[in-house]
1. Give segment 38-54 a look and list any residue that's surrounded by 13 or more Cβ atoms within 10 Å (Cβ to Cβ) and either modelled with pLDDT of 75 or more or not hydrophobic (A, V, I, L, M, F, W, C) (or both), or say none.
2. Quick check on this structure: which one of ALA293, ALA307 is in contact with a Phe, Trp or Tyr (Cβ under 9 Å, 6 or more places away or on another chain), modelled with pLDDT of 70 or more, part of a helix (DSSP H, G or I) and surrounded by fewer than 23 Cβ atoms within 10 Å (Cβ to Cβ)?
3. Would you check if there is a residue in segment 103-124 being of a type in the set (A, V, I, L, M), within 30 Å of ALA73 (Cβ to Cβ) and free of Cβ contacts under 8 Å to residues at least 24 places away in the same chain?
4. In segment 142-160, what residues are touching a Leu at 6+ places or on another chain (Cβ under 8 Å) and within 15 Å of GLU201 (Cα to Cα)?
5. Take segment 310-332 and flag every residue that is modelled with pLDDT under 80 and of a type outside the set (D, E, K, R).
6. Scan the helices (runs of 4 or more DSSP H) fully inside segment 131-234 and keep the ones with 3 or more residues being over 22 Å from ASN333 (Cβ atoms) and in contact (Cβ under 8 Å) with a residue 60 or more places away in the chain.
Amino acid sequence: MKHSLDNHCPECNAANRLHARFCTQCGALLKKNGQDSPRVRHKLLRRTDFMAAARANRTATRRLITLLMMILAILGYLLGWSLQLLMGVLPDNLQSIWFLSHWGVWGALGLFVFGAVWSWVAFSQGDRIVLRLTGAREVSADDEPVFHNVVEEMAIAAGISRPRLFVIETGALNAFATGMNPARSAIGVTRGLLESLNREELQGVVGHEMGHIVNWDIRYATAVGVIVGLIALVSDGALRSLYFSGKSRNSGKGGSGVAFLMLALIAFAALAPLFAFLVQMAVSRQREFLADATSVRLTRHPEGLIAALQKLAASTESFKGANRATQHMFIVNPFRNFTERTSRMTATHPPLALRINRLSNLGGD
């Protein structure tokens, strides 16, 4: 059944369902008949309040860690339970494989503790890990005087201390911000971006990344990037276990559970990267719109960011410093450009055309 898409967004002009209240692309309010309920107006204010966005990001980070810990505990129990079946260490008078597994309990506890330690690492060393993953190199004011000067200007406008500055030696055009809080943050840009943008355009990009810092997006995005690495690590370990258990498959007391073990490990290995992907998609595309708006607030000049995004959209250079764990942290996705037809569940960023269109409707004050 097809739905009418005649309800066009007043900000980005994206087509929406007739009775939709908010735009599926940019999140803007879709006014109908000039009437807005107080609840809808309150939701709209919450979407555009910078302080509320920062608080929401801190809350979302805590929820993310809690959810990941629960998932790790469940997967740990599944892995321990399957190993107990394989080794044949089964309770007396066992009638089926559905029993409370002590190995599973220890597996859940072990992965929970490991996840807690990894989360502590993510919040204490996550920015350093991300910088190593991207291959970024810290640069001084003598190395990149224009870059330093622009960041200094934006830091003063934002009212924060100047972040550390990094450059990725690649011809691709991109930028990112990382860190745990505004006092401990870093901005990285590619060599291609520094060489392709003029000062005004560089201000727009730096203002966007500064927006992620002052809105506390960096804490959430950095935690996601590091924990996605944990998901990938556990997935790889499960695949290796699957390979070696296949070699040592035995008959005997635990033989009836071997087939279930293999299926469980396959499911575990498949679930881990899928869950990592969904976590990355949970980094709302609204954060990019908010960072764009913050850039305009800091620079008072949306044309700079608009021109920069147009150049980024036209760039075809591959980005070797990016990976799946950090793709959501860049100003544009380093692997693909999203369009209006892209599902929100599979897009890490809003379509560039919509971002540019929305910036075109913003004033400089």
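The values are calculated or read from the model by the stated rules, or taken from the named source; none is laboratory data. For clarity, every value in this text was computed on a predicted model and none was experimentally measured. Every residue, glycine among them, receives a Cβ derived from its backbone with ideal geometry; neighbour counts consider all protein chains shown.
1. LYS43, ARG47, THR48, ASP49
2. Working: ALA307 fails: in contact with a Phe, Trp or Tyr (Cβ under 9 Å, 6 or more places away or on another chain).
ALA293 is the lone residue from the list that is in contact with a Phe, Trp or Tyr (Cβ under 9 Å, 6 or more places away or on another chain), modelled with pLDDT of 70 or more, part of a helix (DSSP H, G or I) and surrounded by fewer than 23 Cβ atoms within 10 Å (Cβ to Cβ).
3. Restricting attention to segment 103-124, the residues satisfying the condition of being of a type in the set (A, V, I, L, M) are 105, 108-109, 111, 113, 116-117, 121-122.
Then drop every residue that is not within 30 Å of ALA73 (Cβ to Cβ), which leaves 105, 108-109, 111, 113, 116-117, 121-122.
Remaining after also requiring free of Cβ contacts under 8 Å to residues at least 24 places away in the same chain: 113, 117.
Yes, segment 103-124 has at least one match.
4. First, pick out the residues of segment 142-160 that are touching a Leu at 6+ places or on another chain (Cβ under 8 Å): 144, 146-148, 150-151, 154, 157-158.
Correct list: VAL146, PHE147, HIS148, VAL150, VAL151, MET154.
5. First pass over segment 310-332, keeping only residues modelled with pLDDT under 80: 316-328.
Hits for segment 310-332 are THR316, SER318, PHE319, GLY321, ALA322, ASN323, ALA325, THR326, GLN327, HIS328.
6. Working: elements: 145-158, 191-196, 199-214.
Here the list reads 145-158, 199-214.
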